[in-house]
1. Out of all DSSP beta bridges with both ends in the chain, state the antiparallel percent to the nearest 5.
2. Suppose every Lys and Arg Cβ carries +1 and every Asp and Glu Cβ carries -1, with no other charges. What dipole size does the stretch 306-426 come out with about its Cα centre, to the nearest 20 debye?
3. Mean residue ellipticity at 222 nm from the helices of the chain, using -39,500 (n - 2.57) per DSSP H segment of n ≥ 4 over the full residue count, to the nearest 500 deg cm²/dmol?
4. Ignoring ligands, DNA and RNA, what accessible area per residue does the chain give at 1.4 Å, in Å²?
5. With 23 Å as the limit, write out which pairs from Lys79/Lys136; Lys79/Lys352; Lys97/Lys457; Lys136/Lys156; Lys301/Lys323 have Cα-Cα distances beyond it, or answer none.
6. If you take the square roots of the eigenvalues of the alpha-carbon gyration tensor of the stretch 196-332 and sort them as a ≥ b ≥ c, do you get rounded (a/c under 1.5), prolate (a/b over b/c) or oblate?
7. Which value, in debye to the nearest 20, describes the size of the charge dipole of the chain about its Cα centre when Lys and Arg Cβ atoms bear +1, Asp and Glu Cβ atoms bear -1, and nothing else is charged?
8. Just report the Cα centroid separation between the stretch 45-72 and the stretch 77-123, whole Å.
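The values are calculated or read from the model by the stated rules, or taken from the named source; none is laboratory data. None of the values given here were measured: they were computed from a predicted structure. Positions of Cβ are generated from backbone atoms using ideal geometry, with glycine treated the same way; all protein chains shown enter the neighbour counts. Surface areas here come from the heavy atoms of the whole protein model, side chains and all, with no ligands, DNA or RNA. Shrake-Rupley method; radii C 1.70, N 1.55, O 1.52, S 1.80 Å.
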Amino acid sequence: MEVVESSTTSTSSFARTGSRPGRRDERNRTKWDFDNHVANLMERYSREGSPIEVNFREIVPFGSGVDRATHLVHTYPAKLLLNIPLFLCNNSILSPKGGLVYDPFCGSGTVLVEAILSGRAAFGADANPLARLIAKAKTSPINRIILESALDEILKSISGRVKQAFSPVVDVEKWFLPAIATELSKLLAAIRRTCQGDVLNFMEVCFSACLRQLSLADPRLSVPVRVKGAALTERIKAFEKPVEIFERYARLNIERLQRIRNIAPPIGFGHDARTSHHELAKVPIKADLVITSPPYAGAQKYIRSSSLSVGWLGLAPENKLRKLEALNIGREHFFKAEYDGAAYGNLYGAEKEIERIQAIYPLRAHIAATYILEMEQAARSMVQSLKQGGHLALVIGDNHVCGRPFATSIYIKTIFETLGLSVKLEMVDIIKSRGLMTKRNRAATSIDREHVIIFRKD
């Protein structure tokens, strides 16, 4: 692997531990070797025993929104900064080249893309079917000629008589003008009538990618909120034809997909972080490296932010968004009978904080306690899926609940240590933006620091 070094000196706390990669043309920066960086950080952590402040935007100098490989095929809320898995994957201390990288909360596939680009095999899991669809599309190489031919066939096959209904997870009339909804239904019907397999996945993702631009939702917010007043009038005036927007997204994404044309796709996808089985073979996976950024406890409206795409693609069980949300760790909706007077037992150090929250806001207490208990189940599965001597990189932040800090990173770290993993390195990075990292409600505030904790299975 090519070693990329810089003769410049950085004043960041990370740079003082060793050299950092040079700022080469992004088109040519396809190989890295960060072994010395990790070795120096681990040695420092072993000596000092406290988290080391880093800046992953300096370690891997990619700015936000860089069009690398297939990362920009589709937007997704609270995406992991690609600099982090790029740094972790291109490192022989954490995993060998050709080894297996597993992300049990893979979202739209940021870790998986960087794993396969680094020459590792990849396996992902996520409870959100839209996330799995996007991740598959971003990591499945397809010949350009096949995709361009499929796109031409779709455009020729759009018929006024054949339509695809919107599944009733939300009110389609609230979010789409009737004429726009009609054109989208014709387009989706043509996609499904002419495509199959990986090509169908790819085209559905391109269809999904253009929905927000054609909706009445505020484009500045990840969770759909309908625009009003003069802003609504201006938004309607700016609408383009759905077919034209879809074709533009499809052609852009066909170009992006060519950047991974010689790379092996992930070996499979699972549906739940609490199980570590290949969805087809039903056999346990054994990873050299687990990299994951779990959801936050009630802090992120992942499913609601996906609702327009989930509705058009019919991805919710029984066409009910609430049933889809119930499959996800970190959900925020519970019936009163589920949390009224609930007792929780061992919460890995969070017991007193949960009691305090329960006295103020029982629902928030139940959200947080359920999150910890379900993360314990996921952690057990992750440890089982990890080879002896393998590493686990946990990317997680702390948020506030009912006006006070909730030390999520400490509680989850304790779970992994209880399960026998040892901490080899802990880094802290400042969050610039993660899509949904905003003030969420009167009971929860923003997350502004992220912990990257490296464990080893000894």
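1. The answer is about 60 percent antiparallel.
2. Around 160 debye, computed over the stretch 306-426.
3. Numbers: 19 runs with 187 residues, N = 458.
The per-residue figure over the chain is -12000 deg cm²/dmol.
4. 42 Å²
5. Lys79/Lys352; Lys136/Lys156
6. Note, shape of the stretch 196-332 comes out oblate.
7. 820 debye
8. Their Cα centres are 13 Å away from one another.
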